[in-house]
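Student: Let me begin by handing over the structure; questions about it come next.
The values are calculated or read from the model by the stated rules, or taken from the named source; none is laboratory data. This is a predicted model, so every value here is computed, not measured. Cβ placement follows ideal geometry from the backbone for every residue including glycine, while neighbour counts extend to all protein chains displayed. Quick note on the areas: whole protein, heavy atoms, side chains included, nothing else; ligands and nucleic acids left out. Shrake-Rupley method; radii C 1.70, N 1.55, O 1.52, S 1.80 Å.
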Amino acid sequence: CLMALPGVLEVTTELADRGVEFWAVNQRDKVDKINALLAEKGWKLPVALDTDGSAGNAFGVQGIPHTVVIDKKGVVRHVHSGFFPGMEKQLKSELEALLAE
């Protein structure tokens, strides 16, 4: 998850003026731990808390990071499980394609 976040933040920040939003969802960590990590890394992003894992279960999360791209109509269009080289390039391509629709 920590390996993917810098690239995901870069892409979503670059496309934010076109309506792209990024929300992190943290599973089962304490708020203090999350806030300490965000402060340490200098990251400013909204983090939803999945304290009991119910959101993760609903989205079928079996590994992290679990990236879900949702279009303007609320339809899940892409799902990626795990980190892979070139992830940010693929994410940017997928987001740009959705923005062009």
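Student: Could you look at the chain and say what percent of its accessible area is carbon and sulfur, using a 1.4 Å probe and all protein chains?
Tutor: Details: 3700 of 6850 Å².
C and S atoms contribute 54 percent here.
Student: Further question on the same structure: For the stretch 2-101, with every protein chain kept in place, what is the accessible area per residue (1.4 Å probe, Å²)? Intermediate results must be reported in sequence, preceding the final value.
Tutor: Working: 6770 Å² over 100 residues.
With the other protein chains kept in place, the stretch 2-101 gives 68 Å² per residue.
Student: Using a 1.4 angstrom probe with every protein chain in place, what is the largest-first accessible-area order of PHE59, PHE83? Before the final figure, lay out each step's value.
Tutor: Working: PHE59 105, PHE83 85 Å².
Accessible-area ranking of PHE59, PHE83, largest first: PHE59, PHE83.
Student: Per-residue ellipticity at 222 nm for the chain, helices alone: DSSP H runs ≥ 4 residues times -39500 (n - 2.57), over residue total, nearest 500 deg cm²/dmol? The partial results should precede the final answer.
Tutor: On the way: 4 runs with 40 residues, N = 101.
Helix contribution divided over all residues of the chain: -11500 deg cm²/dmol.
Student: For a protection proxy built on the mean count of beta-carbon atoms within 10 angstrom, sort 66-79, 7-20 highest first, please. Can you show the working numbers first?
Tutor: Details: 66-79: 12.7, 7-20: 14.8.
Ranked from most to least packed, the peptides come out as 7-20, 66-79.
Student: Taking the full set of protein chains and a 1.4 angstrom probe, give the accessible area of MET3 in square angstrom, rounded to the nearest 10.
Tutor: Estimated to the nearest 10 Å², MET3 gives 140 Å².
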